[in-house]
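S.K.: A single structure is presented below for examination.
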Amino acid sequence: MSVKILYFASLRETLGCAEETLESLPAGVTTAGGLREWLCARGGDWSALAPDKAVRAAVNQSLAQAASPLAEGDEIAFFPPVTGG
Amino acid sequence: MAVSVQHEDFDLAAETAALSAGRSDIGAIATFLGLVRGDGGLVAMSLEHYPAMTEKALAGIVAQAEARWPLQAVRVIHRVGRLLPGERIVFVGVASSHRAAAFEACAFIMDYLKTRAPFWKKEETPEGARWVDARDSDEAALARWA
């Protein structure tokens, strides 16, 4: 099973990436916050996901918290605070 | 369909009329219409969204409103893509027996839409493009519904 990760708005532009697929959840990653830390550890532009940055997450198209659990096959999205309306 | 996400404009009168069409148990309709405000030489506003999540998020907000107030009909339309100053962005229409429920549910839906639905605005100005920052006051507005 793989996991799909999506990025939106300013975060997508900063990372130069709209979407990626991992073959499986990285070892030791079990939550949305854990995945964010793992991605941030790539360094460079990925520091846009650092803890002090305003980043929101969704798991399977529902807003998630750092502690929200992840499972193989999930679709996870990271994005800045929303500004619709 | 109570919720639509679309680039096309909508007919305000037709959408409002549809909320009570064919029924006589509705005493109040409250609507909100959001427009692109042309501040600071704004050329255009582009709205990005998360297609797989947007309608689900809006439907969830409508369901919360329906659980909280006695509503006979709800309609939410949010436009996406590139819009010009003065154009319509968002419509919320709520029908109920009495005005208090209609006013409150309409405000509730807008407050949640502003902070929980995955839309992002990017402004085009003569100096270039910039993403709009989220406002703390929008998040604070939710406190009144706690």
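The numbers here are math on the coordinates, done by the rules we state, and not lab data. Keep in mind that this is a model prediction, so the values were computed, not measured. All Cβ positions, even for glycine, are placed from backbone atoms using ideal geometry, and neighbour counts span all protein chains on display.
S.K.: Quick one: angle between helix B:51-68 and the longest Cα principal axis of chain B, in degrees between 0 and 90, rounded to 10, please.
M.R.: The angle comes out at about 40 degrees.
S.K.: Next question, about the same structure. In whole Å, what are the extents of the protein assembly as shown along the principal axes defined by its C-alpha atoms, from largest to smallest?
M.R.: The Cα atoms of the protein assembly as shown stretch 60, 43, 30 Å along the principal axes, largest first.
S.K.: Could you compute the net charge surrounding B:Trp145? Neighbours are other residues with a C-beta less than 11 Å from the C-beta of B:Trp145; K and R count +1, D and E count -1. Mind dumping the intermediate values first?
M.R.: Details: positive: B:Arg68, B:Arg144; negative: B:Glu104, B:Asp111.
After counting each charged neighbour, the total is 0.
S.K.: Taking the Cα centre of chain B as origin, sum charge times position over the Cβ atoms of Lys and Arg (+1) and Asp and Glu (-1), and report the length of that vector in debye to the nearest 20.
M.R.: Working: 16 positive and 19 negative charges, 57 e Å.
Here the size comes out at about 280 debye.
S.K.: Same structure, new question: Please check chain B for the longest run free of trypsin sites (Lys or Arg not before Pro) that are loop-located per DSSP (anything but H, G, I, E, B) and have at most 11 other Cβ atoms within 10 Å.
M.R.: Details: sites that count: B:Arg23, B:Arg37.
Between the exposed loop sites, the longest stretch runs B:38-146.
S.K.: To continue, here is another question. Charges at C-beta only: +1 for Lys and Arg, -1 for Asp and Glu. How large is the resulting dipole of the protein assembly as shown about its Cα centre, in Debye rounded to 20?
M.R.: 460
S.K.: Apply 1/(1 + (r/R0)^6) to the Cβ-Cβ distance of A:Ala54 and B:Phe10, taking R0 = 41 Å, and write down the FRET efficiency to the nearest 0.05.
M.R.: Working: r = 32 Å, r/R0 = 0.77.
Approximately 0.80, to the nearest 0.05.
S.K.: Sticking with this one: Which one, B:Gly41, B:Gly86, B:Ile26, projects farthest toward the positive side of the charge dipole computed for chain B from Cβ point charges (K/R +1, D/E -1)?
M.R.: After comparing all options, I get B:Ile26.
S.K.: Suppose we keep just the DSSP beta bridges with both residues in the stretch A:3-79; what percent of those would be antiparallel, to 5?
M.R.: Restricted to the stretch A:3-79, the bridges split so that about 75 percent are antiparallel.
S.K.: Loop-only GluC sites (Glu not before Pro) in the stretch B:106-146, please: DSSP not H, G, I, E or B, and at most 14 other Cβ atoms within 10 Å.
M.R.: Qualifying residues, ordered by number: B:Glu127.
S.K.: Considering only A:Thr21, A:Ala77, A:Val55, whose Cα is most displaced toward the positive end of the charge dipole of the stretch A:3-79, charges sitting on Cβ of Lys, Arg (+1) and Asp, Glu (-1)?
M.R.: Looking along the dipole axis, the top candidate is A:Val55.
S.K.: May I pose another question? At 222 nm, what value in deg cm²/dmol follows for chain A if DSSP H runs of at least 4 each add -39500 (n - 2.57) and the sum is divided by all its residues, to the nearest 500? Working shown, then result.
M.R.: Numbers: 2 runs with 16 residues, N = 85.
When only DSSP H runs of four or more count, the value is -5000 deg cm²/dmol.
S.K.: Sticking with this structure for a sec: Please give the average number of partner chain Cβ atoms lying within 10 Å of the Cβ of each residue in B:86-98, rounded to a whole number.
M.R.: 0
S.K.: Net charge around A:Gly84, counting only other residues with Cβ within less than 11 Å of its Cβ (Lys, Arg = +1; Asp, Glu = -1)?
M.R.: Taking every other residue near A:Gly84 into account, the sum is +2.
S.K.: Determine the sum of side-chain charges near A:Ala50: Lys and Arg each +1, Asp and Glu each -1, restricted to other residues whose C-beta is under 10 angstrom from that of A:Ala50.
M.R.: Summing Lys and Arg as +1 and Asp and Glu as -1 gives 0.
S.K.: Evaluate the Kirkwood expression for the hydrodynamic radius of the stretch A:3-79, namely the inverse of the mean inverse distance over all pairs of different C-alpha atoms, and round to one decimal in Å. Before the final figure, lay out each step's value.
M.R.: Numbers: mean 1/r = 0.0818 Å⁻¹.
Across the stretch A:3-79, the inverse of the average 1/r is 12.2 Å.
S.K.: Given +1 on the Cβ of Lys and Arg, -1 on the Cβ of Asp and Glu, and no further charges, what dipole in debye does the stretch B:1-70 carry about its Cα centre, rounded to the nearest 20?
M.R.: Details: 4 positive and 9 negative charges, 51 e Å.
Computed charge dipole of the stretch B:1-70: roughly 240 debye.
S.K.: Let me have the 222 nm mean residue ellipticity of chain B computed from DSSP H runs of 4+ only, each contributing -39500 (n - 2.57), with the sum over all residues rounded to the nearest 500.
M.R.: -10000 deg cm²/dmol
S.K.: Using bins 5 angstrom wide from zero, how does P(r) for chain B break down, in % of all Cα pairs?
M.R.: 2, 10, 19, 20, 20, 15, 9, 4, 2, 0, 0
S.K.: Further question: Which whole number gives the average, over all residues in A:46-54, of C-beta atoms from other chains lying within 10 Å of the residue C-beta?
M.R.: Across the residues of A:46-54, the mean count of other-chain Cβ atoms within 10 Å is 0.
S.K.: Below 8 Å between Cα atoms, with a sequence gap of 6+, how large is the relative contact order for chain A in percent?
M.R.: Working: 151 pairs, mean separation 33.1, N = 85.
Result for chain A is 39 percent.
S.K.: Something else: On a 0 to 90 degree scale, rounded to 10, what angle separates helix B:99-116 from the longest Cα axis of chain B?
M.R.: With rounding to tens, the tilt is 30 degrees.
S.K.: So what is the relative contact order for chain B, in percent, with contacts set as C-alpha pairs under 8 Å and at least six apart?
M.R.: 33 percent.
S.K.: Hey, got the average number of other protein chain Cβ atoms within 10 angstrom for residues in A:57-67?
M.R.: 3
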